[in-house]
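Comments concern the structure below.
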Amino acid sequence: MDCAVAETLHSMNETRKAFRLIVVKYRRQAELFDDAPKYHVIVSNRVESTADTLIWYRQRGETSENGIKELKIGFGMERMPCGQFAANAAFFRIGVIAHNLFVLFKQAALDTAWQRHKVATVRWRLFHLPGKVVRHAGAWVLKVAGDTVDLFHSIRTRSFAQAMASPP
């Protein structure tokens, strides 16, 4: 492990409910001649082992922070549109619905290789495809690579199957 760990139980004044305090001591070099240890305290009510609690705690931030970043950057929610609370709340709700629909789309319609991609990558790989519009036999035809046609056929088939499986 990259740190030293100590654990104790603690309760606040005038309460009978105790919680765990896990103190983590890191050896980091902040400056050239400063090798003083750094401390981090985790307050938890989890019942598993200290090591499992630390693993859960360290992974917890990755999921939520990356999700917030994806919501802000991927769906244009870096700034709220105005100074009115109700309008900003509606804007944010629409963004969250769009994010949830995107996650559903990835899980239901795309292969497992697509699951790790962010919205910008999926958008780029699906909609910024090279193609050529040509006139053939009196009709306009879009020519794209064969694997692109297979990809969109797969997405359409999975989407249809998901729609038929879901109750109205």
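The values are calculated or read from the model by the stated rules, or taken from the named source; none is laboratory data. The model shown is predicted, which means the values in this text are computed figures rather than measured ones. All Cβ positions, glycine included, derive from the backbone under ideal geometry; neighbour counts span all protein chains shown.
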message: Looking only at the range 45-92, how many residues end up being assigned to a helix (DSSP H, G or I) and either out of contact with any helix residue (DSSP H, G or I) (no Cβ under 9 Å at 6 or more places or on another chain) or not β-branched (V, I, T) (or both)?
response: 32
- prompt: Within the range 134-144, is even one residue loosely packed, with under 10 Cβ neighbours inside 10 Å, among the charged types (D, E, K, R) and out of contact with any Cys (no Cβ under 7 Å at 6 or more places or on another chain)?
  reply: yes
query: Among the candidates G74, G61, which residue alone is at pLDDT below 80 and within 16 Å of the chain's Cα centre (by Cα)?
result: G61
statement: Selection over the range 1-44 where residues are among the polar types (S, T, N, Q) and either part of a strand (DSSP E or B) or at pLDDT 85 or above (or both) yields a count of 3
Residues of the range 107-127 satisfying the condition of being outside any helix (DSSP H, G or I), closer than 21 Å to L71 by Cα and out of contact with any Gly (no Cβ under 8 Å at 6 or more places or on another chain): L110, Q115, R116, H117
message: G83 - would you say it is more than 13 Å from the chain's Cα centre (by Cα) and modelled with pLDDT under 90?
response: yes
task: Select, from T157, T121, T148, the only residue that is at pLDDT below 90 and surrounded by 11 or more Cβ atoms within 10 Å (Cβ to Cβ).
output: T148
